[in-house]
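The next block holds one structure in the form of structure tokens; read it before the comments.
Read-outs throughout are calculated quantities, based only on the coordinates presented, and are distinct from any laboratory measurement. The structure displayed is predicted, hence computed values, not measured ones. We place every Cβ from the backbone using ideal geometry, glycine too, and count neighbours over all the protein chains shown.
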Amino acid sequence: MKFIVASLLATQAAAHYTFPALVANGQVTQQWQYVRRTANYQSNGPVTDVSSSAVRCYEVAPGTSAQTYTVNAGDTVGFTAQTSISHPGPLQFYMAKVPSGQTAATWDGSGNVWFKIWEEKAQITSSSISWASNGKGQATVQIPRSLPSGEYLIRVEHIALHSAGSAGGAQLYISCGQLNVQNGGSGNPSPLVSFPGAYRATDPGLMINIYWPIPQSYTPPGPRPWTG
């Protein structure tokens, strides 16, 4: 029995994942070089309490050392998935502009500062609901061309819904990277939300049985994306 339990726990841990490295215009950086080291960097475990501060960047501690990567508005950026996105559910990307007088390397990302720039749509048939990100080793997004120049945090979030039939069952896999965006525009990103605060455990996008009956629609939690 001990062997069976241990094997089950090992299998569950192996199915979990992290987003440890930044990808910029197709170039993969070193792990945790431009991404804040997350609290699950060894366990790969998820965030399940959306009311906790861990839902923001899931970092080991505020101010975890990471460098800031320079990109241009309109560039494609993202994260590697270690080892892959192995659970069903949507990907989302958020950004937050660093306040004047602070830097991406030290700012904690608190307050109503986060805006969504992309959310993944579900693929629904009469027999299943699925997401194209499942099984992928990278997750990338284009930075809106009208995004104003400045330093930002970029937050990747994958919501695993395989156990989301009750409140608190959704598993969130999160990382935050640090960016210096140049050659930006004059856009006004909105709406702005906070983490924690943007989600409730009972939101339909977080509490859902994806197996039966097959959902006829799915909307991810949070605001709709700002596209610039």
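Odds and ends about this structure:
- Size of electric dipole in the stretch 17-182: Cβ of Lys, Arg +1 and of Asp, Glu -1, about Cα centre, debye, nearest 20: 120
- For the chain, the alpha carbon positions stretch 55, 38, 32 Å along the principal axes, listed from largest to smallest.
- Prolate/oblate/rounded call for the stretch 123-165, Cα gyration tensor, a/c under 1.5 rounded: prolate
- The stretch 187-225 and the stretch 90-109 have Cα centres separated by 20 Å.
- Sorted by Cβ neighbour density within 10 Å, fewest at the top, the residues 34, 58: 34, 58
- With Cα atoms, 0 to 90° folded angle of helix 2-15 axis to the chain main axis: 40
- Entry note, the chain: the mean residue ellipticity at 222 nm calculated from DSSP H runs of n ≥ 4, each adding -39500 (n - 2.57), is -2000 deg cm²/dmol after division by the residues and rounding to the nearest 500.
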